[in-house]
Amino acid sequence: MRDSYGRRINYLRISVTDLCNLRCKYCMPEKGIEKIDYNEILKLEEIQSITESFVNLGVDKIRITGGEPLVRRNILKLIEDIGKLTKVRDFAMTTNGTLLKKYAKNLKSAGLNRLNISLDTLDKNKYAKITRNGRLSDVLEGIEEAKKVGLGPIKLNVVLMKDFNEDEIENFVNLTKDEEIDVRFIELMPIGALKYWSLNNYISNETVLKNIEGLVETETVDISSPARYYKLPGGKGRVGLINPISCKFCENCNRIRLTADGKIKPCLHSNDEIDLKTPLRQGKDINGLIGDIIKNKPKEHNLEDGDYINRNMTAIGG
């Protein structure tokens, strides 16, 4: 599938739930968010049906997201069903890692290939603070279990925040010295109810390059990746910079998003959403609608004028 700008759209990100077992300050207000009504959330069978339609139209890369996807009841059944789709060449999940010790082996057996794990600090006290009482040990044990069962390569997603984890940049980068692990620094994005909190705590990824000497930019293998990758001399892993604010990567965008309540978001940073759930539940053929959505995917996002999206990240899935 190609959009009107000639980009091949082959990557579907699926949010399976708006629920999460953490309350990260940049993602969720302290009192939580208004949950999506249960009847509005896609059933697992509906997610599978939509996924198969996208795959038959050319999608070969799938990522499961949340909220936290591992809190979704019977999530392993969905992973197993998608894992059986032979046209899918890359099947991944983004998780906060707290439940991986329990699920990693079964995820691998069900057909998942690899993981992105959100981890913004290596300090247990700061982790408890930013997640509102999460336990760093749960994540670290989950990462070890994921490595043990072969869910890799593992990518750590680190959201940079002013006056919070700037002092840990070197510690994260050093993780790539001796292990084949990617550490990706992500700029804080102004999204949903916490957009102004994010703007007040934003720092540019250029901070990484200023703080770490010797990083050498690597050759771009996948032009659709939002990350620019670097390596330490002799390092086994990579350091990635994802700069949605200071440097757009729309030109080579190849992704589309399915929200937990059955909406398609052609662009993460746009409020435009197209309902797939209603026509699906009415028994209509959604292939033509998907084709139109792809064709009309916008050229780029525009955050410079303060036009930020309203929906919270927990229901979008990143």
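Just so it is clear, none of the values below were taken in a lab; they were calculated from the coordinates. The shown structure was predicted, so the numbers you read here are calculated from the model rather than taken from an experiment. When we count neighbours, we look across all protein chains shown, and the Cβ atoms used for this are built from the backbone with ideal geometry, even at glycine.
Observations, loosely collected:
- When you filter the chymotrypsin sites (Phe, Trp or Tyr not before Pro) in the range 4-49 for DSSP loop state and at most 13 other Cβ atoms inside 10 Å of their Cβ, you are left with Y5.
- Entries of K61/K148; K148/K177; K108/K148; K108/K155 with Cα pairs more than 21 Å apart: K61/K148
- Applying both filters, DSSP loop and at most 13 other Cβ atoms within 10 Å, to the GluC sites (Glu not before Pro) of the range 160-233 gives E180, E213, E219.
- Bridge type composition, the range 11-316 - antiparallel percent by DSSP, nearest 5: 25
- Among the trypsin sites (Lys or Arg not before Pro) within the range 5-42, those in coil by DSSP and having at most 12 neighbouring Cβ atoms inside 10 Å are K31.
- Taking the longest Cα principal axis of the chain as reference, the axis of helix 44-56 is set at about 90 degrees.
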